[in-house]
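Below is one structure, written out as structure tokens, with a few remarks after it.
The values are calculated or read from the model by the stated rules, or taken from the named source; none is laboratory data. Source: prediction; values computed, not measured. In this analysis, Cβ positions are derived from the backbone assuming ideal geometry, glycine residues included, and neighbour counts consider all displayed protein chains. Ligands, DNA and RNA are excluded from the accessible area calculation, which covers all protein heavy atoms including side chains. Shrake-Rupley method; radii C 1.70, N 1.55, O 1.52, S 1.80 Å.
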Amino acid sequence: MTADLSLYLVTDPELCGDRGVVETVRQAVEGGVRVVQVRDKTATEAEIVEQLIAVSRVIGGRALLVVNDRLDAAVAARERGARVDGVHLGQGDASVRRAREVLGPDALIGLTANSAAHLEAVLALPVGTVDYLGVGVIRPTATKPDHPAPLGVDGFRDFVARSPLPCVAIGGVGLDDAEALRDAGAAGIAVVSALCAAEDPAATARAFRRRWLAGSVPRVLSIAGSDPSGGAGIQADIKSIAANGGYGMAVLTALTAQNTQGVRGVHVPPAEFLRDQLDAVSDDIVIDAVKIGMLADAEVIRTVAAWLDRVRPPIVVLDPVMVATSGDRLLQPDAERELRDLLRRATLVTPNLAELAVLSGRDVGDWPEAIAAAEDLSTDVGVAVLVKGGHLAGNDAPDALIDARHGRRQEYSGARIVTSSTHGTGCSLSSALATLLARGLEPEHAVRAARSWLRESLRAGEALRVGRGHGPINHFAGLWERADTTSEVAASDVPASEVASEWWQRIADIRAQIDELPFIRALADGSLEREPFLSYLAQDALYLREYARVLSEAARRAPTSAEQAFWAHSAHGSIVGELELHASWLTPQQGVSAATFAAEPSAATTAYLDHLRSVAFGGDYAEIVAAVLPCFWLYTDLGRRLHAGEFGEYARDPQHPFASWLATYADPAFEEATETAILYASGAAARADAATRARMSRVFEVSSAHELAFFAAPMEFSPAG
């Protein structure tokens, strides 16, 4: 097995404080930690054993567990039923040869290394003795005062280039190091202080995962049956994974003879061959997500379950293929029981209504009954459930994400798309979700993005003209349209609401990063110093002066008098209302004056304004309104959540030092203006041709990235930055 070392937690009892190691581990694993190393230099052997047992229990098979140095403790904890996957040893600790001999061939054995001599020693070992190297320190760290000279990112890169084994970067690693170390060749990053001392280890772990995954291509494995006509099964899964930005792999559980009109035959290969396929992939490739589809019988299900227990991929989306559209049961009773047990190993399950009824043991005749059944199932098995309303009668096709463990209930509405090209819809949706979750999207955002993509693909399915029955969806319709290589999907076929939804999901990672910025967090909890706040205001004043000119250009080019009036009014508001508020902080004696704009523009301000000017004076009306939209939308969203207490109750307190400023974020008039701006921009996109809509999407995303940089800039040079 090739272990997923991407986010590696090293525990420190002192830094965990009153929360304790076990609770810190529980939260960190919830946030995406893949390996936990229990390290406690002062604990006795017996205390380490008890700690391993408790940590193993709270991990519950969701991450790998190793112990630092204490090989005998690992053996003792195993004898008492704990799942301890391995040991990490220093150069002076127990022999790695002995560790391999004692813990067995499947154990995870790590070794500290940071010099040429260490590499030579590793090369002298038999192949397979050590699985990875812990390389550091990267930066000076107080958790190991006797550390060697820091390597830095460049030194780490040089070490990786000479190493025969995967290298995990450790020592002083912070959030901002994630991408740089990944690009330097790290197999993962080991974090101590940033997670153990975090106020919210789950949120911090999620932030590290997002940064680690940013710009990378997730490796997604489909475990399902085949469809030689290409519309369902692994063929549909591979297309869905690719269309949503992943690298697809497939392990076959069954071969079918089918087409768009029906299934003619099924052949199930021996379970031993299924096991061989699974092992061949996971022995070589780190798997970021798994989608599970057709599992033909009880033996196949048990084989997949055993493999999941051994490999433990971070994301498992299970499409429980149990009931055909005709209502026929597809599995024998013993297989249904095994499949229900398999649900507990999933991250998300995506049953149709008939399957939901079987799994929950409830009648599901309408949407309220479906929601109630999903609540019961999620509570019972402890995983999220996507309720799919496509089989309901009527003009609506709602979906809902239910996660009882996390108190999550999000419904998604949508008009039914009238089409006969529905073959493989469930397969395609579940594999798209696996990919989007592996890209770091939060579940609510992943569902919204997957639905938007699926609806786009459904609308374009009939244009493929495949088969005489229920044809496939067009998995790449959006890509082809945006590349302007096909005209089967007219621009007018894309509703404005779906354009807005797609754009919002496209910047989900940017929005998540804004939420984690020190400036935003400090602004919310009142700990923000006055200097960075005034620095932000000074740059925002420079920005608003030029932003108003861009809004005026949008008004000049607007196609209707209503749009012209709206953008002109927004430009006026930027100059009169917002700048007066800035001046009340920056230049209270002079008001809005030359002194208000005295600051030197920062690199972030200059870059953002250069982008807006280039669009305003080089693009058309549609591109301009797409470029200015994030300034409306991101601020309104942030303000709404600040005032809802999402960033802490103190942000709502009238005694907050920035209370008057925070009130502007959730101003009802600005929220109304934002809704209008979204309406006009998404409407322009819906009316535009494919090439224009693609350009609009790009400038919207670029403006959003500039918003992130703008929010980050005030703290870049502060001690907390």
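Using the empirical formula 2.2 N^0.38 Å as the baseline, the Cα radius of gyration of the stretch 369-438 reaches a ratio of 1.18. Each of V263, V102, V75 has its accessible area taken with a 1.4 Å probe; listed largest first, they run V263, V102, V75. Calculated FRET efficiency, E672 to R344, Cβ-Cβ distance, R0 = 56 Å: about 0.75 to the nearest 0.05. Bridges between two residues of the stretch 342-482, per DSSP, are antiparallel at a rate of about 75%. For the residues C427, C167, a 1.4 Å probe over the protein chains yields an accessible-area ranking, largest first, of C427, C167.
Restricting attention to the chain, lysine pairs at least eight places apart or on different chains and with alpha-carbon atoms under 24 angstrom apart total 4. The distance linking the stretch 214-238 with the stretch 147-183 is 33 Å (Cα centroid to Cα centroid, whole angstrom). Available extension along the chain between D284 and A598 is 107.2 nm, counting 0.36 nm per residue and deducting the alpha carbon span. Specify whether the C-alpha gyration tensor of the stretch 65-210 places it in the rounded, prolate or oblate class, a ≥ b ≥ c being the square roots of the eigenvalues: rounded for a/c under 1.5, otherwise prolate if a/b is larger than b/c and oblate if not. Oblate. Residue separation of Q564 and F658 scaled by 0.36 nm, minus their Cα-Cα distance, works out to 30.4 nm of gained length. Free of any trypsin sites (Lys or Arg not before Pro) that DSSP assigns to a loop and that have at most 13 other C-beta atoms within 10 Å, the longest stretch within the chain is 81-464. For the chain, with the dipole built from +1 on Lys and Arg beta-carbon atoms and -1 on Asp and Glu ones, taken about the Cα centre, which of Y621, L252, A198 lies farthest toward the positive end? Toward the positive end, the furthest listed residue is L252. Accessible surface ranking for D610, D399, 1.4 angstrom probe, highest first: D610, D399.
A straight chain from E272 to H572 at 0.36 nm per residue would run longer than the Cα-Cα distance by 100.9 nm.
In the chain, helices alone account for a calculated mean residue ellipticity at 222 nm of -15500 deg cm²/dmol, with every DSSP H run of four or more residues adding -39,500 (n - 2.57). Ligands, DNA and RNA aside, V550 has an accessible area near 10 Å² when probed at 1.4 Å.
Rounded to the nearest 20, the size of the Cβ-charge dipole of the chain about its Cα centre is 1020 debye, with Lys and Arg at +1 and Asp and Glu at -1.
Here the simple spin-label model places points 7 Å from the Cα toward Cβ, and for A415 and H391 these points are separated by 2.6 nm. If you roll a 1.4 angstrom probe over the protein chains with everything in place, what fraction of the accessible area of the chain belongs to carbon and sulfur, to the nearest %? Ligands and nucleic acids excluded, carbon and sulfur reach 52 percent. A Förster distance of 35 Å, applied to the separation of the beta-carbon atoms of D72 and R408, puts the FRET efficiency at 0.25.
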